[in-house]
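A short worksheet on the structure shown next.
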Amino acid sequence: MSNETRRRVSVLLLVLRLVLAAIFIVAAIAKMKPLAGMPWTIGSVKVSLSMFAVGVDSYQLLPPWAVGPFAHILPPFELVVGLWLITGVALRLSSIVSTLLIGAFIGALASAYHRGVGINCGCFGQGVQINAKTELIHDSLLFLPLAFAVTIGAFWSHRLRQRASSSGATPAN
């Protein structure tokens with residue numbers, strides 16, 4: 001593979017990685033964002049996360065005692081995953097984590113759809129009633145392939161760097 005092709009693939013991987021990171025960051029901020037007119041304070045973020053817990057509970061997957069802690073942990077975790085993807089540090093691991101997280105979201109949507117449960121997703125903000133089937137198709141056709149592409153690209157890029165270092169050549173970044 002030519003250096004120019006490697007460079008183009010590396011740029012494509014960077015763009016895909018940044019798009020995936022943006023999805024996680026925007027989703028996290030939308031869940032933590034205070035209600036209109038409220039300032040960004042710890043208290044207002046806690047209120048927003050408590051409202052997000054209502055959406056988590058609508059999936060009917062977790063026992064009641066786990067809904068609150070899960071709703072308070074998930075958005076900061078999404079934010080960390082998004083920032084982690086941007087840094088490119090341990091990209092293979094961060095891409096796997098992001099793919100598993102999106103897969104878990106799709107699994108929760110599939111479960112809700114299969115059981116006929118009406119859900120308030122809370123994925124990108126509060127109070128939006130969604131059609132589980134539509135959201136399932138959307139996420140499965142858009143977000144999951146994006147996450148897989150970043151994961152495959154991360155492993156491919158790592159493999160190219162290993163080959164280049166073992167042959168003494170410098171890899172194209």
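Using +1 on the beta carbon of Lys and Arg, -1 on that of Asp and Glu, and nothing else charged, what's the dipole of the range 3-167 about the Cα centre, debye to 20?
620 debye
Grab the DSSP H runs of the chain that are 4 residues or longer, score each as -39,500 (n - 2.57), total them, divide by all residues and round the 222 nm result to the nearest 500 deg cm²/dmol.
-25500 deg cm²/dmol
Along Cα→Cβ, 7 Å out, is where each label goes; now give me the distance between the ones at LEU142 and ILE96 in nm to one decimal.
So the two model labels end up 2.8 nm from each other.
Just grab the label-to-label distance for GLN162 and LEU83, each label 7 Å out from Cα along the Cβ direction, in nm (one decimal).
With each label point 7 Å from Cα toward Cβ, the separation is 3.0 nm.
Just to be sure I understand: with springs between alpha-carbon atoms less than 10 Å apart, which residue in ILE102, ILE42, ILE86 has the highest mean-square fluctuation in the Gaussian network model of the chain?
ILE42
How would TRP84, TRP40 line up from fewest to most surrounding beta-carbon atoms within 10 angstrom?
The most exposed by this proxy come first: TRP40, TRP84.
From largest to smallest, what semi-axes in whole angstrom does the chain give when each is the square root of 5 times an eigenvalue of its alpha carbon gyration tensor?
Values for the chain, descending: 36, 18, 13 Å.
Looking only at ARG92, ARG163, ARG17, which one moves most when the chain is put into a Gaussian network model with springs between Cα atoms under 10 Å?
Top of the fluctuation ranking is ARG163.
In degrees, nearest 10, range 0 to 90: what is the angle between the Cα axis of helix 42-58 and the longest Cα principal axis of the chain?
Approximately 80 degrees, to the nearest 10.
Quick check: the angle from helix 144-167's long axis to the longest principal axis of the chain, C-alpha only, nearest 10 degrees?
30 degrees
Springs between alpha-carbon atoms under 10 Å, Gaussian network over the chain: tell me which of GLY107, GLY68, GLY116 tops the mean-square fluctuations.
Fluctuation is largest for GLY116.
Any read-out appearing in this document is the output of simple, stated calculations on the displayed coordinates, not a laboratory observation. The model shown is predicted, which means the values in this text are computed figures rather than measured ones. As a convention, Cβ positions derive from the backbone with ideal geometry for all residues, glycine included, and neighbour counts pool all protein chains shown.
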